[in-house]
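So the structure is just underneath, and the comments pick up after that.
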Amino acid sequence: MYAVVAEGLWRFFGDNPVLRGVSLAVEEGGVYGLIGPNGAGKTTMFRILATLLRPSRGTAKVFGKDVVREASDVRRMIAYLPEEAGVYKNLTGRGFLKMVSRVYGLGSSALEQGVTISGLGEDVDRRMGEYSKGMRRRILLAGCLMVKPRLAILDEPTAGLDVEHSVYVRKIIRQYAEQGTTFIVSSHNMLEVDYLCDRIALIHRGSIIAEGKPRELTASHNVQNLEELFVKKMGEAP
Amino acid sequence: MPLVSKELRELLSEKTILIGVVLMPLVIFPLIGFSMAPVNMREGDAGPGAAVLVVDQDGGKYAALFVEALRKTGFNPQPIQLQNDNLLQLIENSGASAAVIIPQGFSTQLEQKNKPTVKLFLKLASSSIVEFERIGSMRDRFYAAVSLMGEALASEEGVAVSFYKAPIDLSGEVVYRDQIISETDAGQLFQQFFASTLLIPIALTLVVTTSGTIAATSIGLEKEAKTLEMLLTYPIGRSTILASKLLGSTVVALLGTASLMTGLVFYFSRLTAFAGMSITLSLSPLNLVLLMVVLFFALVTTLGLGVLAGVLAGDVRGSQQLAGLIQLPLILLPLLLFLSGGIQSLQQPLATIILIIPFTHLMLAIQAILESSYLNILLHVGVMVAWTVAIIGLAAFLFRGERLLTMRVKLVRRKPVV
């Protein structure tokens, strides 16, 4: 079963087409990377999948549910971590996780699971306003994964984090992917993409310009690594 | 000095400051003044030709002289016979602004150089500043008539200066809503009215204004802290999110209201005890409940406006500015009109415009509560409920779909950081 199927997705902001007929199929399980430069349309694509934006044209389905017509069903299956997501500064980390578990109708075991995922130890009882950027990202990721989503949409999950927090986040993503959660992530870090992603799609100016397994793509384009692939494809793109 | 100059430039560059603080008063106050002109014109009841019922129980020459003095000071004295103490009814039915009772022995007392006492009844049509001004002006003219009497008496021989300056004592009373209130301490009376009719609307206006800002801030904070996107992808309806925000804001606003009302109740209890008057306008339990109902709907309406501002703006500052910009004229205009003289005194087109504003009905409902006009309370609460439903409906409409993320109204053009 496909976790995500997008067909001919267009999205305009005013007269500006940000997505230009994107078609995409993400198989269930594993980590799928959506890679592209700033302004390529990654965040818009994620927002459509997260039911926040409507496509101007085309359709998108998550586990067979239409993101427009069956948005509430989709929201029960997904967790979304926006690129610059913030925290409720006056809530403690535990208070936030408790709120999330209650919103999803989950019990205390989910809360404890969230605390474990965050790996924040005693800091989970501090106000999130006092957290560093890395700690904030970890608590938000914990909030996403503690609800055991079928699809986790993570927009640049490690952007701006130091090495320690980045490694932690990547480890958690891989761990949950192996347990069956499907991830669709974006990143500018090609080493991270190489480590995390089972398949990737290169998106440029709202269009998918390459798609496949990282190793197959580098081999087929006769490049050493994903960075070279990225540069080559961006240079070739119209 | 460079800092002061910078501050001035920054503040005056803010459109909300420029419009709300500098330009708005320049528009609103002349508008109020313009709209109140007809009110002042209508003060014909207190101006030349104002009807005054005269109960002449004396019938002597000085009684006639006093009636003449009233005429000279611009009143229109209308002699009547008082039967079965029906003065209040006569004042009500005749449309007169005042009544005087010239007691039996009035002329004799003056002949004996004693001061007679004339009972004066001033009709207070409504509890507004204009009405207080009107009866104050009438009182002054009655005293002018007394002075005229004094001058007439002074032309007679043997009258002491101190006597002819004030040859008559005026025992003033105020007729309000078919009751007679002693005017022994007009200052206290005015303070009582002031507390009831001005302080409550002003206090409630403050509460209501603050509430809208709370709701706007609530949404602005989500946008600014970038928590909104995650919130909107949780498996809960937008209506639930909106209701939570409204409820949270309502609780905070009600806490503020409770604090304010506690202070008001304490103030009233002190005031009434001090005044020791036979009539008080402090609120009965029923009126207090009605006031709470009116306040509740005003709060929800304002919270709805705050939500609109929050949806349209991009951050906390923007949402607060926008909430203020939406609320300020909607609340301030009816409040000023209420304080100035009441909606009924406006010209028809202007009155119609003012009546469209939901908060006009807050003011009118408060006035109706203070006057225990229950039919009017029902009418104005009904209009407020209709407005509440409409505004919350609009807020819910904007809260749905992607408008919450994509709509942006910028009040200030921010220069890009270089």
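Data overview
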item	result
Sequence-distant residues sharing a close amide H with residue A:30 (under 5 Å, placed H)	A:180, A:183
R0 of 45 Å, Cβ-Cβ distance residue B:293-residue A:12: FRET efficiency to nearest 0.05	0.40
Partner aspartates and glutamates for residue B:119 [C-alpha distance under 14 Å; skip if fewer than 8 residues away on the same chain]	B:56, B:58, B:85, B:169, B:173, B:183
Chain A: angle of helix A:108-118 to the longest principal axis, Cα-based, in degrees nearest 10	60
Nearest-0.05 FRET efficiency for residue B:262 and residue B:71, computed from C-beta distance (R0 56 Å)	0.60
Cα long-axis angle, helix A:163-178 against chain A (0 to 90 degrees, to the nearest 10)	80
Dmax and Rg, reported as Rg then Dmax, of segment A:127-169 (C-alpha, Å)	10.7, 31
Principal-axis tilt of helix A:93-103 within chain A, Cα atoms, nearest 10 degrees	70
Fully extended contour minus Cα-Cα distance, from residue B:336 to residue B:236, at 0.36 nm per residue	31.7 nm
Built amide H within the under 5 Å cut-off of residue B:51, gap 5+	B:76, B:97
Förster-model FRET efficiency, 25 Å R0, residue A:225 and residue A:174, C-beta, rounded to 0.05	0.80
Compactness of chain A - radius of gyration and Dmax, Cα, Å	17.7, 53
Length-normalised contact order for segment A:1-107 - Cα pairs under 8 Å, 6+ apart - percent	25
Likely footprinting exposure, B:165, A:65, fewest C-beta neighbours within 10 Å first	B:165, A:65
Pair residue B:251, residue B:94: separation of 7 Å Cα→Cβ label points (nm)	6.1
Peptide B:223-229, shielding by other chains (average Cβ, 10 Å cutoff)	6
Inter-label distance for residue B:355 and residue A:57, nm, one decimal - labels placed 7 Å from Cα along Cα-to-Cβ	5.3
Neighbourhood charge, 15 Å Cβ-Cβ cut-off, centred on residue A:107 and excluding it, Lys, Arg +1 and Asp, Glu -1	+3
Cα-based Kirkwood hydrodynamic radius, segment A:1-103, one decimal, Å	15.0
Across B:115/B:165; B:61/B:123; A:148/A:171; A:65/B:245; B:72/B:115; A:89/B:226, pairs whose alpha-carbon gap is larger than 18 Å	B:61/B:123; A:65/B:245; B:72/B:115
Neighbour net charge for residue B:106 - beta-carbon separation under 9 angstrom, K R +1, D E -1	-2
Spatially proximal lysines relative to residue A:61 (Cα-Cα < 17 Å; intrachain offsets below 8 disregarded)	A:42
Distance in nm between pseudo-label sites at residue B:115 and residue B:86 (7 Å out along the Cβ direction from Cα)	3.5
Residue order, fewest to most surrounding Cβ atoms within 10 angstrom, among A:192, A:216	A:216, A:192
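Bear in mind these aren't lab numbers, they're just calculated from the coordinates by the rules spelled out. Quick caveat: nothing in here was measured; it's all calculated off a predicted structure. Neighbour counts run over all protein chains shown; Cβ positions are idealised from the backbone, glycine included.
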